2 protein chains.
Amino acid sequence: MGRIEYKNYDRFLLAVDCIIFGFDGSGLKALLIKRGLEPEIGKWSLMGGFAEKEESVDSAAQRILYKLTGLEKIYMEQLHCFGDVGRDPGGRVVSIAYFALIKIDESSTELLNSHNAKWFDLKKLPSLVFDHKAMVKLAKERLQQKVSNHPIGFELLPTKFTLQQLQGLYEAIFETAFDKRNFTRKILSLGILQRLDEKEKESSKKGAFYYIFDKKKYKQLESEGIKLI
Amino acid sequence: MGRIEYKNYDRFLLAVDCIIFGFDGSGLKALLIKRGLEPEIGKWSLMGGFAEKEESVDSAAQRILYKLTGLEKIYMEQLHCFGDVGRDPGGRVVSIAYFALIKIDESSTELLNSHNAKWFDLKKLPSLVFDHKAMVKLAKERLQQKVSNHPIGFELLPTKFTLQQLQGLYEAIFETAFDKRNFTRKILSLGILQRLDEKEKESSKKGAFYYIFDKKKYKQLESEGIKLI
DNA sequence: TAAATAAATGTATAATATACACTTAATATT
DNA sequence: AATATTAAGTGTATATTATACATTTATTTA
């Protein structure tokens, strides 16, 4: 069968917008840029761009994440298609939003600077262009839901981390405090953490053991979707 | 600020495809049509169509559901954007998939016939065009997930239904058997069902009480997202 | 009035979630 | 060398929820 091009249907600009989450030990953060084109040039915005004809939408999202952070092979998930008619005053643009989880210190500072990018605490977001606020809100809800059943929170932490850092991350994501004993017991009972002999000693005299993942168990749980929180 | 049209970016055909779920007392069903245009004309397909410039993507999905079933104000949820380059051999079409839950006997028979539509058991699907099989698979997974935490299963049942019908629905969705006593206890403990004095008497001599929803409790749970299964 | 049928119901046990406070290891201070 | 300081690390009791499992009940039909 030859290639038939569908005729006489409306064509759309397709944007991809990325909610890039990070965690710096205190709050959950999102990476925002100063928008570089009209309309609303100079306002805070999610990193985005237009999809191109010869790439998949997923690839476009990866390309755009790479463009801002220099990072590849990052945990990224499609969030939602935002398709309201008036969402972008610059034209009829349908946007596919993705969220990504990155280790906050691994992105390229030069790239971030060149895009006028900045990390913002989720609880202190500036006003954003278009419907980007709704995107962030939905992304946060999805992250909460996802992190409850899938071991992806680790994507936001350094390779080795203490139990208190892990708990701090979950508390930041859910904006609630957990009981240390119960949290520790539960997370260790999953058997996906491996304790190192090394200790983190900056925040206490006693020092807290570092942990890393047991990759094998991790993969297993990822596919099964075990309840974490 | 005037209206700026973004220039020089690729434009895409935007399709909307609907996974329409129904339940007839035995298995979970999906509504399929015989595709009416090339390529792959005559093959089984999800109901779909192209989005138009002056409507939101959500509206397009509603329009397409209405076109096939004659139904409005239906539970419908965006599923996922399918954006691979080669997904539609007829052109570069990005599709936004939605899933809908309808009462199987409420759709217009004339409309269904005019589209050559037919209900298929999810476990006995024919081969489908493009990536529609993946869409159905994802929709089923999302339905399972959603129905576990939100009281939406009822959208698939008649207004009044018996506990056995409700259990049958959940068993069909999860493709597993539940213990009748535990299921009944749990579902009734939510307090969202109201028992009628009327009984269904076709399937037994004793007869089974009909239930309807307690709308107020229903709304409350819908927003809170209480665990059902 | 007996038989047949599916509906309706309860209880014991296991697993999981929650609430709650003291001990320990290492360093810093006197 | 002894003591104070700091956050890390840990256990137990109770409540809640999930699971496993079989008999009684209401109604119709023979």
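The values are calculated or read from the model by the stated rules, or taken from the named source; none is laboratory data. From a predicted model like this one, the values you see are computed outputs, not experimental measurements. Virtual Cβ from ideal backbone geometry, glycine too; neighbours counted across all protein chains shown.
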Next on the checklist: Quick check on my filter: what residues within region A:55-82 are free of Cβ contacts under 8 Å to residues at least 12 places away in the same chain and facing chain B (nearest Cβ under 9 Å)?
Outcome noted: A:GLU55, A:SER56, A:SER59
Checklist entry - among the hydroxyl-bearing types (Ser, Thr, Tyr), out of contact with any Asp or Glu (no Cβ under 7 Å at 6 or more places or on another chain), away from DNA strand C (no atom under 16 Å from the Cβ) and modelled with pLDDT of 95 or more, is that true of A:SER114? => result yes
Checklist outcome for this item: Across region B:83-92, the tally of residues that are within 13 Å of B:ALA15 (Cα to Cα) and either assigned to a helix (DSSP H, G or I) or without any contact (Cβ under 8 Å) to a residue 40 or more places away in the chain (or both) stands at 1
Checklist entry - Out of B:PHE174, B:PHE183, which single residue is touching a residue at least 12 places away in the same chain (Cβ under 8 Å) and away from DNA strand C (no atom under 16 Å from the Cβ)? => result B:PHE174
Checklist outcome for this item: Among the residues of region A:99-139, the number that are over 14 Å from A:GLY27 (Cα atoms), part of a helix (DSSP H, G or I) and in contact (Cβ under 8 Å) with a residue 60 or more places away in the chain is 5
Checklist entry - Do we find a residue being within 9 Å of another protein chain (Cβ to nearest Cβ), at pLDDT 95 or above and part of a strand (DSSP E or B) anywhere in region A:22-45? => result no
Checklist entry - If you go through region B:197-226 one residue at a time, how many are among the aliphatic types (A, V, I, L, M), at pLDDT 80 or above and within 13 Å of DNA strand D (Cβ to nearest atom)? => result 1
Checklist entry - Residue check: is B:GLN194 under 30 Å from B:LYS67 (Cβ atoms), away from every other protein chain (no Cβ under 14 Å) and within 15 Å of DNA strand C (Cβ to nearest atom)? => result no
Next on the checklist: Looking at (1) closer than 27 Å to A:HIS80 by Cα; (2) within 13 Å of the chain's Cα centre (by Cα), which one does B:HIS132 not meet, given that it meets all the others?
Outcome noted: (2)
Item to check | Matching residues, region B:46-77, being touching a strand residue (DSSP E or B) at 6+ places or on another chain (Cβ under 6 Å) and in a loop (DSSP other than H, G, I, E, B) | outcome: B:LEU46, B:ALA51, B:ILE74
